[in-house]
Amino acid sequence: MKIKNIWFTIAIACTFTNAADISWSEAYVKAKVAVSKLTDMEKVTLGTGTGSGTCIGNTAAISKIGWPGLCLQDSPLAVRLAHNVSGGISGINTAATFDRDLVRQRAEDMGDEFRGKGVNVQLGPDVNMVRIPESGRNWEGFGEDPYLTGVMGGITVAGVQSRGVIATAKHFILNEQEVDRTTSSSEADDRTIHEIYAWPFARAVEAGVASVMCSYNKVNGTYACENDETLNTILNGELNFQGFVQSDWGATHAGANSANAGLDMDMPGADAYWGSSLTSQVEAGKVSEDRLNDMATRILAAWYKLGQDSGYPNITVNDDKIDVQGNHKQTIREIGAASAVLLKNINQTLPLSNPKSIGIIGNDADSANYGPLGCTELPCLSGTIASGFGSGGSYYPYLISPESGIKARAPNSTIVKTSLSNLNLIAAVQIAKSVDYPIVFVNADAGEAFDRINLNVDTFGNELIEAVANYNPNTIVVIHAAGPVLMPWVNKVKAIMYAGLPGQETGHSIADVLFGDVNPSGRLPYTLAKQSSDYPAHSTLDPNVKYSEGLLIGYRWFDAKNITPLYEFGFGLSYTNFSYYNLKITTTPSNVTVKAQIKNTGQLYGAEVPQLYIGFPKSAQEPPKILRGFNKIKLQPGQKKTVSFVVDIARELSVWDTPSKSWRIVHGTFDAYVGASSRDIRLQGSFSIQT
Ligand code: BGC
């Protein structure tokens, strides 16, 4: 069976709505009325950035249709370059929760903050993939799996837009490394583009995303912002995207060519391509009147759809008096703890209960330079990291360092010794020798425009861990990282907590899990390899960035090539244990439902993340197994619950058939694997899809 337009059908079925939100068709009716009143120059003005202004991106007002112009502002995690806003949770930690409710809550909180500051368009979420471990922006998105990224991206879009803010899915497409990002060409085949890299954008479109940002790079030789195949054919055609395409900042390289390929808005503008120059191209017949109307209509429709035509707050991004933080710090603290991934815990070293003495060691436990001058706009040279740097970050209103979070929580009777230098090994060793549990904090920073040069933790962190572990067998390691790191000391330490980039409440969040107030339930959103060369791809200076691993991104590569990772995708321990029973599979013509029972067999309340992976029939030439469902369930000791994964056959058991340019449902016998990670499969069954 061939289904050309499944994305379109599902888009209609799944579009989320909110009080202010109207349907695309209603928005289009309003937009067309407004467009009919505009001159060509005014239509072009709608999509022309003014080059500078209050926000990161600005467009001009057109009073005769009541159009105030737009304020576009980073970032995917909070309002950037503003004060009295939250310093939120990175995308990668959001993904590590595997918790749809928390993701929705975070998105609504962000939506409230952007709206509160009068921002019309949030420049997020980032739904690019963790393809190479060293990519500088891996922390902005949701990991290495397109299904996970799609779910997280879709919920984020729906949550942000429920507050009337236009969300932007970025960067479309194949923008997975920072090195030479404005000149290189990402080369991928059609099937890989559809099944891996366009997949999360498709889910964002289903969720009603009103803007998409085209990326800096070229795609198979043509700039992403003038790429007819990716913009007109895939995004607007197959995905049936109704909103407007904006360029990344300076990613426009042509006027008519871009406009005809599907670009609607040029950012930040004031260049040779849009504005009066594009108006002349329309007059010269190089861009049709239809295309011009379409551009203008898409921009206005997005604004009407989100209800921004009435009662939208004034722009106060630069007004420090406007405080939009609400009680969001609670969600931030909760997600910080819920996203901490416990990788190792020998002899139940954690949680710490009434230890006689602990050591807090390492510069990552210290306060960071968190104002405008450091750690979010620029690389962090000192102190803990709670986000990466560049346009993906925001200022913090405050930052709870790990040291202060732990000191606030440790029992009064516990002796706490600190050495916050990575270089003073003598002090570190002295503490190691004299406390029950030394906790070593290390980090690996990354950000926009830079890929990491290797996968080590920063500033001699490995040496610090080795020095401490040599003198104390109970060493606990906490890692704050913008991407995968190598752990040459893994066998020398008792416990490892992979805490990602958890935002302003980082110190409280880590204390919550170290002392057992919260039972850790984060899961890895990407693979941690034993060595760098085990990964399928790396940052490259080759102007042609070849996505030659095809469908074998992340864990799919490790599975297909039989490479044992250090810690696999989906992995994470708990302070309790869970058992899996009673796999049941039923099929209808449109769905497969896989059910399993999960029981908390340990002594503590906790959350488990059962995951469903599907093995396709061999003929489909898919990777060995692919994530197609996950759930987060909270269980008291002894409690049992049934989880149910519903797989949409047309969408989730199809492959992209390049010759016919359509999705094709695979027929034959599939394997269903339910487990606690991509390698810890607890239950297995099979089902068939017949012609
Ligand atoms: C980044 C975008 C960002 C834009 C505006 C670009 O350099 O790639 O993600 O939204 O700048 O700051």
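The values are calculated or read from the model by the stated rules, or taken from the named source; none is laboratory data. Bear in mind the structure is a predicted one, so any value in this text is a computation, not a measurement. Here Cβ is always computed from backbone atoms with ideal geometry, including for glycine, and neighbour counts include all displayed protein chains. Heads up: the accessible areas ignore ligands, DNA and RNA and are worked out on the full protein's heavy atoms, side chains in. Shrake-Rupley method; radii C 1.70, N 1.55, O 1.52, S 1.80 Å.
Numbers at a glance
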| quantity | calculated |
| --- | --- |
| Semi-axis lengths, Å, region 368-410, gyration tensor of Cα atoms, sqrt of 5 times eigenvalues | 21, 9, 8 |
| Contour excess over end-to-end distance, with Cα ends at residue 26 and residue 605 and 0.36 nm allotted per residue | 203.7 nm |
| Share antiparallel - DSSP beta bridges, the chain, percent rounded to 5 | 60 percent |
| Between region 216-257 and region 532-558, the Cα center-to-center distance that results, in Å | 24 Å |
| Region 70-164: GluC sites (Glu not before Pro) in DSSP coil with no more than 13 other Cβ atoms inside 10 Å | none |
| Using θ = phi - 60° and Karplus 6.51 cos²θ - 1.76 cosθ + 1.60, couplings along region 233-250 (whole Hz; Gly, Pro as x) | 6, 7, 5, 6, x, 5, 7, 6, 5, 9, x, 10, 9, 10, 7, 5, 5, x |
| Fraction of the pair-distance distribution of the chain above 47 Å, Cα-Cα pairs, percent | 15 percent |
| Reciprocal mean inverse distance between Cα atoms of region 254-371 - Kirkwood radius, Å | 20.9 Å |
| Using θ = phi - 60° and Karplus 6.51 cos²θ - 1.76 cosθ + 1.60, couplings along region 195-208 (whole Hz; Gly, Pro as x) | 7, 10, 8, 7, 3, x, 5, 4, 5, 5, 5, 4, 6, x |
| Residues whose placed amide H lies under 5 Å from that of residue 481, excluding near-sequence neighbours | 444, 499, 500, 501 |
| Nearest 10 degrees, 0 to 90: helix 24-35 Cα axis against the chain principal axis | 50 degrees |
| Rounded percent of accessible protein surface that carbon and sulfur make up, the chain, 1.4 Å probe | 50 percent |
| Residue 532 versus residue 648: modelled label distance in nm, points set 7 Å from Cα along the beta carbon direction | 4.0 nm |
| Separation in nanometres of the label points that stand 7 Å from Cα toward Cβ, at residue 417 and residue 577 | 3.5 nm |
| Residue 538 accessible area, 1.4 Å probe, all protein chains in place, Å² to nearest 10 | 60 Å² |
| Region 432-591: relative contact order in percent, alpha carbon pairs under 8 Å with at least 6 residues between | 19 percent |
| The chain - mean residue ellipticity at 222 nm from DSSP helices (-39,500 (n - 2.57) per run, n ≥ 4, rounded to 500) | -7000 deg cm²/dmol |
| Helix 146-161 vs. the chain, principal-axis angle (Cα, 0 to 90°, nearest 10) | 70 degrees |
| Cα long-axis angle, helix 461-471 against the chain (0 to 90 degrees, to the nearest 10) | 20 degrees |
| Descending semi-axes in Å of region 458-598, equivalent ellipsoid built from Cα gyration tensor | 30, 26, 15 |
| For region 611-691, the spread of Cα positions along each principal axis, largest first, Å | 53, 20, 18 |
| Per-pair calculated FRET efficiency, R0 = 41 Å: residue 229 and residue 408 via Cβ, rounded to 0.05 | 0.15 |
| Derived scalar couplings ³J(HN,Hα) [region 478-486; Karplus, 6.51 cos²θ - 1.76 cosθ + 1.60; whole Hz; x for Gly, Pro] | 10, 10, 9, 9, 8, x, x, 10, 8 |
| Stokes-Einstein D (µm²/s) once Rh is taken as the Kirkwood radius of region 525-586 over alpha-carbon pairs, at 10 °C in 1.306 mPa s | 111 µm²/s |
| Inter-part distance where region 58-122 and region 304-365 are each reduced to a Cα centre, Å | 16 Å |
| Centre separation in Å (Cα based) which lies between region 484-514 and region 566-627 | 25 Å |
| Viscosity 0.692 mPa s, temperature 37 °C, Stokes-Einstein D of region 332-422 from Kirkwood C-alpha radius, µm²/s | 222 µm²/s |
| Packing rank of 588-601, 147-160, 498-511, 211-224, where each peptide gets the mean count of other beta carbons within 10 Å, highest leading | 498-511, 147-160, 211-224, 588-601 |
| Greater than 31 Å apart at Cα, pairs in 530/641; 344/625; 329/584; 546/632; 117/546; 530/632 | 530/641; 329/584; 546/632; 117/546 |
| The chain, accessible area per residue, ligands and nucleic acids excluded (1.4 Å, Å²) | 34 Å² |
